[in-house]
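Reading through the C-alpha cells given below for one structure.
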Amino acid sequence: METDTLDPAEVLQEWDGQSPDELVHLGIQAARQGSYERGLIFLSEAYRHFSREKDAKQLPAALLSYYGLCLALHKGRIREAVEFCQLAIDREFYNGDNYVNLARVYEAGRSRRKLIDAIERGLSVDSRNTDLLKMKVLVGVRRPPVLSFLHRDHPLNVSLGRLRHQVKGKVGVRKKAPTPRPT
C-alpha cells in the first residue's frame, strides 16, 4: 500500500504522555479522518502501553478494531487486520463500528462476499448504524439466483438472471409510469 512518510516521534509529540486511552482516542480520530498512518502510529503505541500494563485480554476493543483498519488501509496487511477486527468483535459483538471496520478491511482486500457478510452481521446487531447502512447501499444487494439449487455462476442462472433483469429491471429501481399526454 503506502510507504511510511511520518516520523513516529514527531507524531507522538501530540500525546500528553499521561494515558494510553488518550493514544487510542488520537488514533481513532486520525483513522476517522483518513490519516491511517498517523492512526497506526498512535494505536501501535497504545497497544504497546496496554500490553505492558495489563493482561493482553484487557485491550480495548476499539483499539483492536481501528488498529486492524489502519493496518489494512495503510500497510495492506489484510489477513492480520481481519484478525484484529475479529478480536474486537469477539469482545464487543454489539458495537456496530467494529463491523464497519471489518467490512472496510474486506473491501480493501477485495472480498465482496465477506464484505457483505460483515455488513449484514453488523446490521443484525446495530440496525441503526448509519455507516453500515451507507455501506449497504453503496455495495448494493444482489438478487438470489433464479435457480437456487444451482450455483450463481452456473450458465443457466447467468442466462436466466440476465433475462430477469431485462424484464424486471434493477433491484429497488421502480420504473416510472409514462406520464399521460393531454388529449
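Leu23 versus (1) buried (at least 23 other Cβ atoms within 10 Å of the Cβ); (2) modelled with pLDDT of 95 or more: which is the lone unmet condition?
Condition (2) is where Leu23 drops out.
Considering only residues that are surrounded by 16 or more Cβ atoms within 10 Å (Cβ to Cβ), β-branched (Val, Ile, Thr) and assigned to a loop (DSSP other than H, G, I, E, B), which ones fall in the stretch 125-162?
Scanning the stretch 125-162 gives a single hit, Val146.
Considering only helices (runs of 4 or more DSSP H) fully contained in the stretch 1-83, which possess at least 3 residues that are closer than 20 Å to Leu115 by Cα?
In the stretch 1-83, 61-70 are the helices (runs of 4 or more DSSP H) which contain 3 or more residues that are closer than 20 Å to Leu115 by Cα.
Report whether or not Arg77 is closer than 25 Å to Ser127 by Cβ and basic (Lys, Arg).
So Arg77 fails the test.
From Leu73, Leu43, Leu102, which residue is in the same structural domain as Ser127 (by TED's automatic domain parsing), buried (at least 19 other Cβ atoms within 10 Å of the Cβ) and more than 29 Å from Arg142 (Cα to Cα)?
Being in the same structural domain as Ser127 (by TED's automatic domain parsing), buried (at least 19 other Cβ atoms within 10 Å of the Cβ) and more than 29 Å from Arg142 (Cα to Cα) holds for just one of Leu73, Leu43, Leu102, which is Leu43.
Identify the residue in the stretch 43-60 that is in contact with a helix residue (DSSP H, G or I) (Cβ under 8 Å, 6 or more places away or on another chain), modelled with pLDDT of 85 or more and not hydrophobic (A, V, I, L, M, F, W, C) and, among all such residues, is farthest from Ala30 (Cα to Cα).
So the residue we want is His49.
The values are calculated or read from the model by the stated rules, or taken from the named source; none is laboratory data. Source: prediction; values computed, not measured. FYI the Cβ positions are ideal-geometry reconstructions off the backbone, even for glycines, and counts take in every protein chain you see.
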